[in-house]
1. With +1 on the Cβ of every Lys and Arg and -1 on the Cβ of every Asp and Glu, and nothing else charged, how large is the dipole of the range 1-91 about its Cα centre, in debye rounded to the nearest 20?
2. Report relative contact order for the chain in percent, whole number only (criteria: Cα-Cα under 8 Å, sequence separation at least 6).
3. Using +1 at the Cβ of each Lys and Arg and -1 at the Cβ of each Asp and Glu in the range 1-91, identify which of Ser29, Gly59, Ile11 lies farthest towards the dipole's positive end.
4. Would you mind getting me the FRET efficiency between Ile76 and Gln27? Use the beta-carbon distance for r and R0 = 25 Å, nearest 0.05.
5. Give the whole-number value, in cubic angstrom per residue, of the convex hull volume spanned by the C-alpha atoms of the range 1-91.
Amino acid sequence: MGGIADEVVLIDSGDRPVPVDGDGVVQISRRVVVVDKDGVLKLNARAWRGNSDGVDVAGEDDAEFTAQSARTSGAILDVGFAKLSVTAFWSLIPFV
């Protein structure tokens, strides 16, 4: 039986444009992640920019949310040319 992954990639567009809907919302590949009840959800946003020398990080930002039982946590991640509003909705799910 597999355990809980320490790291999960929510979106990696590679060299393609980031998928954004008509409201400007980035579409991620996963909408649910598991965090231990005493754990911390760590988010990292990194944007890449190509130039004549290759690819460089255009901007990067992090946020950490302590696990909650039934609340929301939010942050703004700034990657230089864009700001991402992130909201985590918490609920307890019994681990069976």
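1. On the way: 9 positive and 15 negative charges, 71 e Å.
For this selection, approximately 340 debye.
2. Normalised by residue count, the contact order of the chain is 18 percent.
3. Checking the options against the dipole of the range 1-91, the answer is Ser29.
4. 0.85
5. Values: hull volume 12.0 nm³, N = 91.
Taking only Cα atoms, the range 1-91 has a hull volume of 132 Å³ per residue.
We did not get these values from a lab; they are worked out from the coordinates using the rules stated. These numbers were taken from a predicted model, which means no experiment stands behind them. A quick note on method: Cβ atoms are made from the backbone with ideal geometry, for glycine too, and the neighbour counts reach across all protein chains shown.
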